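Down below is the structure, laid out as structure tokens.
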Amino acid sequence: MEALGWRRLLADNVALIERGLVAPGGLSTALRPIVHPAARRVQARPDRPRAGSACLTMPRARGVSAASGKPRQAVDTEGPGAARRRIDWRQLCAENAARIKRASVAPGDLSNALQAVMQPGAPAAHRPPAQADTGSETAASDERTSSGDVRRAPTQQSGVAHDELAAALRTPLRPAPSPVRRRPGRGRGAAVPGEDAAHHERTFTVGGRARRALIHLPRGVKPGAAVPLVCMLHGGTQDPPSFAAATRITAAADRYGFVAVCPRQSREDNLLGCWNWFLPEHQARGAGEPAHIAGIVSALIATTTKLTIDTRRILIAGFSAGGAMAAIVAATYPDLFAAVAVHSGLAYGCASDLGAAFRAMASGGNDPDAQGRAAHAAMGVFARPVPTIVIHGSNDRIVTPVNALQLLQQTMTANRLAAPEGCDLDIARPATTWRERVNGGHAYTRSQWTDRRGALMHELLIVDGLEHAWSGGAPGGSHTDPSGPDATDAIWRFFARATGPERAR
């Protein structure tokens, strides 16, 4: 007999799902613990994000397979205040599998179908994305961008109070003519046919282990030319090919002329492929996953012969768990990475164990100024201001939007400590703030902060109605919402402006 906690029980149930007992594309949002009725009382508390999301799952012990088939005669379910109960493990798996099959899970919509699993007999229906607020607004001089956005004239902000900035995020826009609502992609992530197929994976030896990463060299670049590099970190349940397809990063690499590299998180280190951003051993320089990611990038720089990588313009970005890890890598390797983009992620050091991770995802971390001091300390002798763009959805229930503001405040504090003479910025006083709407899609608010020289240092992009998904990603991609502004394009334009004299083409 083996004692097993409810979190391990959930992980094994997820492994059961991953082996194909539901239609492809699940695990996109808010997995509820799938448990036998006798163990209902030990489910996760409803105010916490659900394990198994793109942002968080339990790290997997090396050499232990959740799906190995090794006999488990019985398990103990356990939780705060719950009576311990003996349950036959094999019967539990069989009954869960049967109930999941009866739920008629639609591809990419496991999060809604689980309602039917937990309440047998209820239909599993798709849920449309939250509608953006609409209303009237004083007309501004509109400019339609090449991507189809309707741009409002930027409004200069001098001395804007924090509550006014918050109010700006809620300001309604005039509805776009004949809106066509497109549903966010919830697929687990097969590549979108015909898109971003020109790439290959390489294996690097880092820290004595084989590490894989997807590499894409831009087309049309002259041999020997110096080009930037963008490192993209996928979220949980994703992998580099599905993430590249969802974000269309290789198409952007060809368009703007940069190398794209997408490291792969090993399922040996985390069952669902999440970066272990919430564990202290992965939050410091020279150890854990930050060292592995930096090692892959350094090895690629040293071994690429078809072109030259501009070491002054190496950038890192990530989504969900990948966004949280990107914030960690930027704080621990500021000498390698020139700027960072965090989409639907969390601040550096906001959690040091699983319980704290759930709390941070649900309601934010600790004091962001204190977290900023911790991030500055993590930089050590390499401390310097790191330009940062933060992108988040207003309807994100997996990683709540407060995390975007805390991350922004953290980076402002860290940058001010690194360069007090030029980066004494106030989150309540952006240099510019304006509202836009994607034609037929989501409205969004963009705010930017510049240093005393006028150089762009921070950007915040809040997308109305966006859930836990990559804004403007490929239709049908892994964790995407095509109705939002193109996050990949926004990230590159920020990088281009913040890290060099070149302007986005």
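In terms of surrounding Cβ atoms within a 10 Å radius of their Cβ, Leu354, Leu461 rank from fewest to most as Leu354, Leu461.
The fewest-to-most ranking of Val342, Val230 by surrounding Cβ atoms within 10 Å reads Val230, Val342.
How large is the translational diffusion coefficient of the stretch 368-505 in µm² per second when you combine the Kirkwood radius over alpha carbon pairs with Stokes-Einstein at 37 °C and 0.692 mPa s? In µm²/s, the coefficient is 209. Assuming 0.36 nm per residue, please report the length gained on full extension of the stretch Arg267 to Arg384 beyond their Cα-Cα distance. Separation in residues times 0.36 nm, less the Cα-Cα distance, equals 38.7 nm.
Each peptide in 251-261, 233-243 receives the mean, over its residues, of other Cβ atoms within 10 Å, and ordering these scores from highest gives 233-243, 251-261. Reducing the stretch 260-337 and the stretch 447-480 to their Cα centroids gives an inter-centroid distance of 20 Å. Modelled spin labels at Thr205 and Ala284, positioned 7 Å past Cα toward Cβ, are 2.6 nm from each other.
Read-outs: derived from the displayed coordinates by stated rules, not from any lab. Keep in mind that what you see is a predicted model, and the values were worked out from it rather than measured. Using ideal geometry, Cβ is built from the backbone for each residue, glycine included, and neighbour counts are taken over all protein chains shown.
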